[in-house]
Structures are given as C-alpha cells and as structure tokens.
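Contents: one structure, followed by commentary.
The values are calculated or read from the model by the stated rules, or taken from the named source; none is laboratory data. Please read all numbers here as calculations on a predicted model, not as lab measurements. Glycine gets a Cβ as well: all are built from the backbone with ideal geometry, and neighbour counts include every protein chain shown.
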Amino acid sequence: MPRAETGGILRNWLCGKCKRQKDMKTYQVDDRGYYGEYGGAYVPEILHGCVTDLQANYLKVLESASFKEEYDALLRDYVGRPSPLYLAKRLSAKYGARIYLKREDLNHTGAHKINNTVGQILLARRMGKKRIIAETGAGQHGVATATVCALMDMPCVVYMGKKDVERQHINVQRMQMLGATVVPVTSGNMTLKDATNEAIRNWCCHPSDTFYIIGSTVGPHPYPDMVAHLQSVISEEIRKQLQEKEGRNYPDYLVACVGGGSNAAGSIYHYLDDERVRIVLAEAGGKGVCSGMSAATIQLGKRGILHGSRTLVMQSEDGQIEEPYSISAGLDYPGIGPLHANLYATQRADILAVDDDEALNAAFELTRLEGIIPALESAHALGALSKMKFKPEDIVVLTVSGRGDKDMETYIDHLKNIHHRGTEDTEN
C-alpha cells in the first residue's frame with residue numbers, strides 16, 4: 001500500500017477515548033476512526049503523542065460551550081456567515097430545476113476554507129500550541145490559515161507545490177502580505193500531495209509546539225472528522241435557508257466538487273443519513289478519466305494509505321503513488337477523504353468526472369447567466385449539471401466553494417484560445 005513520504009514506521013494509532021458523533025447513524029466516523037473500511041491514523045511514531053492527544057481532546061473542545069461561543073461569534077462577525085443561498089433563476093431555467101447556489105465564495109478570504117481554519121486555530125490555542133503549519137494547493141486554505149494566524153498573532157508557515165506557487169501567485173502574495181512564510185515545494189510533481197508531504201515532515205521535526213492545520217477531510221484520524229465537523233456549518237445553514245425559502249429543509253440533490261473533500265463534507269454533513277437527498281460529487285477528470293492525465297481519484301483509485309489515512313489512492317500496479325493532473329490546483333490530489341471513499345463504496349453518493357474543458361465551459365456559463373465568477377474547483381461542480389437529468393419540481397443545492405479571482409489568468413487564456421480558434425476557422 002502507498003504510504004505518505006514522511007519516513008519512519010507507520011502505525012495505526014487510535015485513541016480509545018474517541019467517540020462517535022451522536023447525530024449520525026451510518027456514514028459518519030466510528031469509534032475506531034474509520035468510515036466503513038476507510039480511515040484510521042497511520043503516522044510515524046514521533047507523531048503518536050500529537051495525534052492521540054488530538055483524538056482525545058478535539059470533540060471535548062469543539063463541543064464545549066466556550067468554544068462554540070467564540071467560534072460562532074467569529075463566523076458571524078469576521079467570516080460573514082451565514083453565506084447566502086441564492087436561487088439562480090437563469091441557470092434554473094436552462095437545466096429545468098430549481099437550482100440554489102450556496103455562496104461560500106462570499107465568505108471572508110473568498111472560500112469555504114476559513115470555516116475550518118477559524119475552528120482549528122481556536123483548538124490549537126486551547127491546546128497550548130505556539131506555531132501553525134499548513135499545506136495548500138489552490139492557495140485558498142493557505143490564505144485562510146494565514147488570515148487567522150494574523151488575527152490570533154501566531155507564526156504561520158505554508159507549504160505549497162512550486163507549480164501551484166506559479167499558477168496561483170496572487171494567493172501567494174496574499175499569504176505573504178498576511179505575514180505567512182510560504183515554502184515552495186520542489187519534490188515530486190510539485191503540487192498538493194508534495195506540499196502535504198513536506199508539511200508532515202516539518203510536523204515530525206516540531207511535534208511539541210506545532211499545530212498542523214489540515215485543509216481538507218484527509219490525513220490521520222481525527223482530521224477528517226474534525227474538518228467535516230467544522231465545515232458542517234454549511235449544511236446546517238442550508239437546512240434553515242431551504243425551510244425559509246421552500247417550506248422544507250432538504251433538497252432533492254446536493255452537488256459539490258471533491259478533491260480532498262472539505263466543502264463537499266460540509267455541504268452533505270447533515271444529510272448523510274437522509275435518503276431523500278441524492279448526493280452528487282464532481283471530481284476532476286482532467287484531460288479524460290482514461291487519458292493518464294486525471295485526478296479522478298474515486299473512479300481510478302485503489303485502497304491504500306496516504307498521508308495517514310486508509311483511503312482510495314491513485315497508484316501503479318506496484319503500489320507507487322501516481323501523479324494526478326487537473327487544471328484546478330485545489331482538486332489536483334491523488335487521494336480522497338475516507339468519508340467520501342466510504343460514500344462511494346456504499347453507493348450513497350453518485351460520482352461524476354468533469355474534465356477541464358467541461359469545467360471551463362461551466363464557469364463561463366455561470367458568469368454569463370448569473371454574473372458570478374466561480375473558482376475552478378467550483379466549476380467542476382457546475383460542470384456536473386449538464387450530466388444530470390432533472391424534473392421541474394426538483395430542488396438542487398450546489399455549493400460554490402470559492403470565487404474565481406485566483407483563476408483569472410486561466411480564464412483569460414481560455415478566452416484567448418477560443419478567440420484564436422475562431423479566427424482560424426474564419427480564415428479557413
């Protein structure tokens with residue numbers, strides 16, 4: 001099985017004090033830190049104390065009255081929650097359903113990531129940690145981490161693949177302006193997987209004073225559950241907002257993009273056991289699922305261990321991790337959160353691969369129909385709409401996980417290519 005490139009022996013460290021979420025019956029994490037056969041905590045022995053301490057304390061802190069009060073106040077007054085649930089009328093008319101957009105792009109920092117970083121830094125402070133590290137792909141998690149570190153006056157180091165530094169340089173500048181140290185990672189494919197490897201290596205070197213804020217529902221238990229728990233504010237708000245707008249608190253379809261899986265986990269969290277709701281996850285098809293240039297991990301992956309968790313991993317026949325590809329830096333990851341791997345295994349979720357061109361076309365469609373420029377990650381969720389069949393009475397909620405400011409160069413290049421092809425066609 002593939003293993004995270006951290007060095008040392010990996011063991012499955014699980015704390016006996018971990019408890020299951022009370023309000024979830026089937027698809028949530030169990031007492032062992034697993035979602036079905038996926039999950040666990042496979043980490044080097046040097047991180048054993050950090051991980052078991054986190055396992056023993058995270059729910060105690062997250063469910064305490066003092067934490068909830070401070071966290072809710074920051075979400076309201078600093079992040080700007082609740083985020084709107086917007087009925088996209090022109091998009092609805094095109095696809096023949098009532099399509100609502102959950103506008104996580106309107107949060108402070110421009111994405112859903114800050115829901116998680118606010119919570120984790122409050123936890124880190126309560127656990128006495130003095131230094132924060134993080135990984136980032138598209139830069140949204142890095143910006144959100146740097147933002148809360150500036151707010152809480154804590155030093156911050158963000159690891160980012162060199163390729164992602166180049167294609168997301170605006171977010172790099174934002175992190176630096178916020179006071180974070182951004183470390184370009186030049187190993188491997190120089191993308192999100194490699195940034196995560198380097199962050200884990202650093203954590204191994206500084207286990208006592210450093211808190212690793214993981215940005216997605218990946219990594220050793222309790223990170224997948226903790227990130228999903230903190231992002232669950234998304235589905236909590238959807239329930240309330242749908243009740244106000246439609247007279248019922250559930251949609252027929254929930255649609256979200258999935259790389260590691262944090263925005264998807266937050267969007268579906270309170271609907272996991274509600275069989276009335278069909279969950280649709282859009283992963284990055286790249287140049288095509290069978291092209292050799294894809295990040296369609298759920299469809300292509302095999303069981304393995306990556307970054308501390310047993311999950312679906314893109315790997316070769318001899319167990320070596322294969323490099324993923326996506327036009328979207330935030331979906332360019334060879335694994336998937338164990339929650340989502342289990343949803344696929346149990347057929348609770350439908351998985352659709354959306355390729356680069358489909359995502360780009362969907363982004364421009366939303367921009368022209370609704371005046372909203374989405375992140376490339378969110379564009380993959382939008383690209384799933386054309387692959388689905390709806391009835392006029394269907395209620396669809398699609399999460400716009402982030403705004404497209406960071407992707408403007410890619411969008412502009414796409415426009416230039418369209419114009420160039422149009423010119424060639426005219427000349428011919």
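Please state which one of ASP318, ASP350, ASP357 is touching a strand residue (DSSP E or B) at 6+ places or on another chain (Cβ under 6 Å), of a type in the set (D, E, K, R) and either closer than 15 Å to ALA284 by Cα or assigned to a loop (DSSP other than H, G, I, E, B) (or both).
On the way: ASP318 fails: touching a strand residue (DSSP E or B) at 6+ places or on another chain (Cβ under 6 Å); ASP357 fails: touching a strand residue (DSSP E or B) at 6+ places or on another chain (Cβ under 6 Å).
It is ASP350.
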(Q) Report every pair of residues separated by at least 6 positions or lying on different chains whose Cβ atoms are under 7 Å apart, first residue within the range 236-255 and loosely packed, with under 14 Cβ neighbours inside 10 Å, second assigned to a loop (DSSP other than H, G, I, E, B). (A) GLN243/ASN249
(Q) So, THR191, is that one more than 25 Å from ASP53 (Cβ to Cβ), out of contact with any Cys (no Cβ under 8 Å at 6 or more places or on another chain) and in contact (Cβ under 8 Å) with a residue 40 or more places away in the chain or not? (A) yes
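Working only within the range 184-204, note down all residues that are over 28 Å from HIS229 (Cβ atoms) and surrounded by fewer than 22 Cβ atoms within 10 Å (Cβ to Cβ).
Within the range 184-204, PRO184, THR186, SER187, GLY188, ASN189, MET190 meet the criteria.
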Q) In this structure, is TYR100 more than 30 Å from GLY404 (Cβ to Cβ) and crowded, with 18+ Cβ neighbours inside 10 Å? A) no
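May I ask you to say which residue of ASP332, ASP273, ASP318 is surrounded by 21 or more Cβ atoms within 10 Å (Cβ to Cβ) and acidic (Asp, Glu)? Can you show your working first?
Details: ASP273 fails: surrounded by 21 or more Cβ atoms within 10 Å (Cβ to Cβ); ASP318 fails: surrounded by 21 or more Cβ atoms within 10 Å (Cβ to Cβ).
After applying the criteria, what remains is ASP332.
How many residues does the range 309-324 contain that are farther than 20 Å from SER401 by Cβ and either among the hydroxyl-bearing types (Ser, Thr, Tyr) or under 17 Å from the mean Cα position of the chain (by Cα) (or both)? First the steps, then the outcome.
Within the range 309-324, the subset farther than 20 Å from SER401 by Cβ is 309-323.
In the following step, the residues that additionally are either among the hydroxyl-bearing types (Ser, Thr, Tyr) or under 17 Å from the mean Cα position of the chain (by Cα) (or both) were identified as 309, 311-313, 316.
Count: 5.
Give the residue that is surrounded by the fewest Cβ atoms within 10 Å (Cβ to Cβ), with candidates limited to residues of the range 387-409 that are in contact with a Ser or Thr (Cβ under 9 Å, 6 or more places away or on another chain) and part of a helix (DSSP H, G or I). So that I can check it myself, show each step before the final result.
In the first step, residues of the range 387-409 are kept if they are in contact with a Ser or Thr (Cβ under 9 Å, 6 or more places away or on another chain); the result is 396-404, 407.
Then drop every residue that is not part of a helix (DSSP H, G or I), which leaves 404, 407.
On the way: GLY404: 22, ASP407: 28.
The extreme case among them is GLY404.
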Q: Could you tell me whether any residue of the range 24-38 is among the β-branched types (Val, Ile, Thr), surrounded by 16 or more Cβ atoms within 10 Å (Cβ to Cβ), at pLDDT 90 or above and farther than 28 Å from ALA146 by Cα?
A: yes
Q. Which members of the range 205-221 meet the condition of being crowded, with 24+ Cβ neighbours inside 10 Å and either free of Cβ contacts under 8 Å to residues at least 12 places away in the same chain or of a type outside the set (Ser, Thr, Tyr) (or both)?
A. ILE213, ILE214, GLY215, VAL218, GLY219, PRO220, HIS221
Q. If you go through the range 257-277 one residue at a time, do you hit one that is basic (Lys, Arg) and in contact (Cβ under 8 Å) with a residue 40 or more places away in the chain?
A. no
Q.
Being closer than 30 Å to SER66 by Cβ and of a type in the set (Asp, Glu): is that true of GLU166 here?
A. no
(Q) Out of the residues in the range 158-172 meeting the condition of being within 17 Å of LYS113 (Cβ to Cβ) and out of contact with any Pro (no Cβ under 8 Å at 6 or more places or on another chain), tell me which one is surrounded by the most Cβ atoms within 10 Å (Cβ to Cβ). (A) VAL158
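Pull up the range 321-347, narrow it to residues that are assigned to a loop (DSSP other than H, G, I, E, B) and of a type in the set (Phe, Trp, Tyr), then point me to the one that is farthest from GLY383 (Cα to Cα). Walk me through it before giving the result.
Step one: filter the range 321-347 for residues assigned to a loop (DSSP other than H, G, I, E, B), giving 322-328, 332-337, 346-347.
With the extra rule that they be of a type in the set (Phe, Trp, Tyr), the set shrinks to 325, 333.
Working: TYR325: 17, TYR333: 19 Å.
Ranking the candidates gives TYR333 first.
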Q | Which numbered condition GLN299 misses (of (1) over 25 Å from GLY139 (Cβ atoms); (2) in contact (Cβ under 8 Å) with a residue 12 or more places away in the chain; (3) outside any helix (DSSP H, G or I)) | A | (3)
Q: Select from the range 329-347 the residues that are at pLDDT below 95 and in contact with a strand residue (DSSP E or B) (Cβ under 6 Å, 6 or more places away or on another chain) and list them in ascending order.
A: ASP332
Q: Answer yes or no: is there a residue in the range 313-322 that is closer than 20 Å to ASN263 by Cα, polar (S, T, N, Q) and touching a Gly at 6+ places or on another chain (Cβ under 7 Å).
A: no
(Q) I'd like to know if the range 108-123 contains one or more residues that are surrounded by 24 or more Cβ atoms within 10 Å (Cβ to Cβ), touching a residue at least 40 places away in the same chain (Cβ under 8 Å) and within 20 Å of ARG248 (Cβ to Cβ). (A) no
Q. If PRO82 satisfies every condition in (1) under 20 Å from the mean Cα position of the chain (by Cα); (2) under 23 Å from ILE336 (Cα atoms) but one, which is the exception?
A. (2)
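Test ALA375 against the criterion of being modelled with pLDDT of 95 or more, out of contact with any helix residue (DSSP H, G or I) (no Cβ under 7 Å at 6 or more places or on another chain) and within 23 Å of ALA93 (Cα to Cα), and give yes or no.
Working: modelled with pLDDT of 95 or more: yes; out of contact with any helix residue (DSSP H, G or I) (no Cβ under 7 Å at 6 or more places or on another chain): no; within 23 Å of ALA93 (Cα to Cα): yes.
In short, no.
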